[in-house]
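Here is the structure we will look at, set down as C-alpha cells.
Taken together, the values in this text are just the output of simple stated rules run on the coordinates, not laboratory data. This is a predicted model, so every value here is computed, not measured. Don't worry about glycine lacking a Cβ; one is built from the backbone with ideal geometry, like all the others, and counts go over all protein chains shown.
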Amino acid sequence: MATVVLAQQGQGSQGGHGSAENSDSQFFNALQMSYAHFILIAMAGTVALYFVWTMMMTLNAHMRRLHGLGNDTQRFFARDDYRMSWLKRNIVDAPLFRVRHNREFQLSQAINMGTLPSRFQALCLTGLIVMNVVLCVLHIPFSQGVGSFADILRNRTGTLATANLIPLVILAGRNNPLIPMVGLSFDTWNFYHRWLARIVVLEAIAHTVSWIVAAADERGLAAIAAAFHESELIMTGLIAVVGFAALGLTASSPLRHAFYETFLHLHILLALMAFIALWYHLKDLPQRIYLLITLIAWGVERFVRFAINAYRNFFGRKTTAVVQALPGDAMRITLKLARPWTVRPGQHMYLYIPSVGLWTSHPFSVAWSERQQVLTKEKGLIMTRQDLMVAQKETISLLVRRRTGFTNTLYKRASKEPDGQISLFALAEGPYGGLHNLDSYGSVVLFAGGVGITHHVPFVRHLVQGYADGVVATRRVTLVWSIQYPEHLEWIRPWMTTILQMERRRDILRVMLFITRPRNTKEIHSPSSTVQMFPGRPNINTVLDMEIENQVGALGVMVCGSGGMADDVRRACRERQAISNIDFIEESFTW
Ligand SMILES: Cc1cc2nc3c(=O)[nH]c(=O)nc-3n(C[C@H](O)[C@H](O)[C@H](O)COP(=O)(O)OP(=O)(O)OC[C@H]3O[C@@H](n4cnc5c(N)ncnc54)[C@H](O)[C@@H]3O)c2cc1C
Ligand SMILES: *[C@@H]1O[C@H](CO)[C@@H](O)[C@H](O)[C@H]1NC(C)=O
C-alpha cells in the first residue's frame, strides 16, 4: 500500500494542489499515527519479554530454595549452565566496556558527570534510539525537494515526540507499576526516562526546525516572524519546545546532583509549563490524546503518592521520628509509625520532616524494624482483641549519613540537643523496593561500604532467622563491611548485638570488618572467630575465592557502597562466573 500511495505523492507534487495531495496528507497522517503506536507497542513488548524472563528467574529461584531446604551441600546448584553463565558474564552483569559502570565520572569533587550504562542497558537503549530515528524518517520523500517533505517530517517528529511522553512520564514515577512487576529498580527505569527524554527533546527540536523550513519555503522568512505573535499554534509550540529544551539542560548530571532539590522543583514546573503549552498547541489534533494519557498517568502517580502518605500517617496516631546523632556524621532515626507495615529486607521509604525539609522527601533504606507490645495508656488494661491491635507498636529505624542538605540540617538539629536526640513530627511514605530475595542461595556474600550497611542488615537478620527456622536454602552468610574509622561501628551496634545473639547464628554468619583508616593498631581487634576485624580495604578477590572454595549451592553476591566498590565486586564476580554459579546484585544510593 505504501508504494501505491508514494506513487501518488509523486503525482501530487507535480500536479500542485488537488485531491492527490489531500490523499497524501491522509496517508501520512495515518502513517505517523501507526508509527507512534508501533513505538509504544514495541516498548510494551520489550517490557513484557523482560517480565517473562523475570518470572522464569523467580520460578528458578523458588525451585532452588525448595530443593535447598533439607540439603546441606546443594552441589547441583553450585555450577551454572554454561549458556546461562555466559549470558550473565557478558550481557546481564556486564558493564558497557571493561569495568566501569557505577563509579561516577567526576571533573572534580563537586562535579558529577554521570555513570556508564551496563551492556544490557546500552543494548535496549540502542534499540530505542534506532527505532525512533528510523521511524522519524521512514517513507519520507526526501528526494523530492524540501518543499514536499518538510511538512511531512514536521508532522512525523511532532507526533512521535508527543506519543513518547506517555512512557516518559510513567518511567519517572516513584510508583511506576513496572518496578514491582518486572523487578527492576526505580534507578533503572529512571535511566530510560532520561534517555527517552533526550529523544523527545531532539524530536521536538526537529519538529520546530522542519516547521521553519516548511514555512520559509512556502511563505518566506517574514511570515515566520509574524506567525509567532499571530498564531496561537505557533506561539504555544514555541513555548513547549523551549520548555522541553530547558528541561533537558537543567537535568544535566552535574546540576542534578549538586542541587537535587532545586532541580526537582524546576523540573516539575518546567514540565507543567511545557505540557500546558502543548495542550493548546494540540487543539483539535488527534495527537492530543497522547498528552491526555500522559497527564492522567502523571496525575494518578501523584494521587497514589498522596494516598499512601495519607493512609500511613493521617489516621489515628501521628508518625514521629526520633533523630539521634551518632559519632562519625551519621544519625539513627527511629520512626514510630502511625500505621505499621511488614518490612521486607531491601526496602526503602521516603521520609518527610516538615519542620526541617518542608514538603521535600528523601529516600532511606529501612535498617531495622521492631514490633513491641505495650499497654495503652488510655485504657490501662487490654480487654479485647481490638485493643491488642492498638497496643502493638511498630517502629522502624533508619541509618542516615550526613550530607549537605536536608540530612545536614537534621544532624545539626539533633546534635544541638543536650542528649543528642530530638523528636520531630514526620511522614513516612512506603514501603518501596525490596525486589531481591536471597532465600534461594546456599551461600550469600554481602559487601557494604560505609552507610551502605543499612541495606544489608535486614537481609542478615532475615537469613539467620530463616536458617534457624529451616525455611531458607542459605547455609553461609558472609558480611563484609568496610568503614573508615572504628567509631562507625557504633552506627549499627544495637542491631548487630541482637543479630549476634540469635539462635544458631554461629553456624551461618561470619562478619568481616575492614577499617580503612585506623588511627592505631590497638583499635583493631577481633572479638571472636566469626566476627573479625582487619585494617585496610577488603580484598574482594580473596573473599570470593574463599567463599567459592566452601560454596554451598548457588552464590548470591550483593553490594551496596560507592560506585567504585560496586564496580570492583562486579568485576570479581564476572571473573568467577565461569567456575561457579554466582548472581551479582547491586544496590546504589544515588540516581
Ligand atoms: C533507594 C535509596 C536508599 C537510600 N538509603 C539511604 C540510607 O539508608 N542511608 C543514607 O544515609 N542514605 C541513603 N540514601 C541516600 C539519601 O537519600 C541521600 O543521601 C539524601 O537524600 C541526601 O539528602 P541531602 O539533602 O542532605 O542531600 P545533598 O547533600 O543535597 O545531596 C547529596 C546527594 O543526594 C542526592 N539527593 C539529594 N536529595 C535527594 C532526594 N530527595 N532523593 C534522591 N536523592 C537525593 C543528590 O543527588 C546528591 O547526589 C538512599 C538513596 C536511595 C536512592
Ligand atoms: C500535517 O498535520 C496537519 C495538522 O494535522 C495537517 O493539516 C496536514 O495535512 C499534515 N500534513 C501532512 C503532509 O501530513
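Considering the Cα positions of the chain, please state its Rg to one decimal place and its Dmax as a whole number of Å.
28.3, 93
Among residues other than Leu184 whose Cβ falls under 13 Å from its Cβ, what is the net charge (Lys/Arg +1, Asp/Glu -1)?
My count for the surroundings of Leu184 gives -3.
Which Cα, out of Leu435, Leu184, Trp341, lies furthest along the positive dipole direction of the chain (beta carbon charges, K/R +1, D/E -1)?
With unit charges placed on the Cβ atoms, the residue in question is Trp341.
Toward the positive end of the charge dipole of the chain, about the Cα centre and with charges on Cβ (Lys, Arg +1; Asp, Glu -1), which of Val445, Pro535, Gln121 goes farthest?
Working it through, the farthest residue towards the positive pole turns out to be Pro535.
Return one number: the angle in degrees, 0 to 90 and rounded to the nearest 10, between the long axis of the Cα atoms of helix 453-469 and the longest principal axis of the Cα atoms of the chain.
So the inclination is approximately 60 degrees.
What value, in deg cm²/dmol to 500, does the helix sum -39500 (n - 2.57) over DSSP H runs of n ≥ 4 give at 222 nm once divided by the residues of the chain?
-17500 deg cm²/dmol
Compute the separation of the alpha-carbon centres of region 55-118 and region 140-214 and state it in Å as a whole number.
Each part reduced to its Cα centre gives a spacing of 31 Å.
With a 10 Å radius around each residue's Cβ, average the other Cβ atoms per peptide and rank 553-564, 290-301, highest first.
553-564, 290-301
For the Cα atoms of the chain, what angle does the longest principal axis make with the long axis of helix 406-416, in degrees from 0 to 90, nearest 10?
Once rounded, the angle reads 30 degrees.
Met113: net charge of surrounding residues, Cβ under 14 Å, Lys/Arg +1, Asp/Glu -1, itself excluded?
Overall, the nearby charge balance is +3.
Order the peptides 355-366, 427-438 from the highest to the lowest mean number of other Cβ atoms within 10 Å of their residues.
427-438, 355-366
Show me, for region 57-66, the HN-Hα J-couplings you get by feeding each phi into the Karplus relation (A = 6.51, B = -1.76, C = 1.60, θ = phi - 60°), rounded to Hz, glycine and proline as x.
Rounded to whole hertz, the list is 5, 5, 5, 4, 5, 5, 5, 4, 5, 4.
With the crude spin-label approximation of a point 7 Å out along Cα→Cβ, what separation in nm comes out for Asn550 versus Leu269?
Going from the Asn550 label point to the Leu269 one covers 5.8 nm.
Which whole-Hz ³J(HN,Hα) couplings does region 213-218 yield from phi under the Karplus relation 6.51 cos²θ - 1.76 cosθ + 1.60, θ = phi - 60°, glycine and proline marked x?
These are the phi-based 3J(HN,Hα) values: 5, 5, 5, 5, 5, 7 Hz.
Given charges of +1 on the Cβ of Lys and Arg and -1 on the Cβ of Asp and Glu, with all other atoms neutral, how large is the dipole of the chain about its Cα centre, in debye to the nearest 20?
Around 1860 debye, computed over the chain.
What ranking, highest mean first, results for peptides 336-342, 523-529, 89-95, 125-131 when packing means the other Cβ atoms within 10 Å averaged over each residue?
Averaged packing, sorted descending, gives the order 89-95, 336-342, 125-131, 523-529.
Kindly write out, for region 424-441 in residue order, the coupling ³J(HN,Hα) from the Karplus curve 6.51 cos²θ - 1.76 cosθ + 1.60 (θ = phi - 60°), rounded to whole Hz, with x marking Gly and Pro.
For region 424-441, the Karplus curve yields 10, 5, 9, 10, 10, 10, x, x, 10, x, x, 8, 9, 10, 9, 4, 9, 8 Hz.
In the neighborhood of Arg402, defined by Cβ-to-Cβ distances under 15 Å, what is the net charge if each Lys or Arg adds +1 and each Asp or Glu adds -1?
Cβ neighbours under 15 Å give a net charge of +3.
Say the dipole of the chain comes from +1 at the beta carbon of Lys and Arg and -1 at that of Asp and Glu; which of Asn90, Ala426, Ala245 then lies farthest toward its positive end?
Of the candidates, Ala426 comes out farthest on the positive side.
Pairing the Cα long axis of helix 119-137 with the longest principal axis of the chain, what angle in degrees results, from 0 to 90 and rounded to the nearest 10?
Value to nearest ten degrees: 10.
Longer than 32 Å from Cα to Cα, which of Lys336/Lys412; Lys318/Lys412; Lys88/Lys336; Lys318/Lys416; Lys88/Lys393 are they? Say none if no pair is.
Lys88/Lys336; Lys88/Lys393
Report, by chain and number, residues whose modeled amide H sits under 5 Å from the one on Trp368, excluding near sequence neighbours (fewer than 5 apart, same chain).
Under 5 Å from the amide H of Trp368 lie the amide H atoms of Ser397, each far enough along the sequence or on another chain.
Could you pull out every residue, at least 5 positions away or on a different chain, whose amide H is within less than 5 Å of the one on Ala554? Hs are placed 1.01 Å off N in the peptide plane, and Pro or chain starts have none.
Under 5 Å from the amide H of Ala554: Gly442, Ser443.
If R0 is 25 Å, what FRET efficiency do you get for Ile41 and Val209 from their C-beta distance, rounded to 0.05?
Once the sixth-power term is evaluated, E becomes 0.35.
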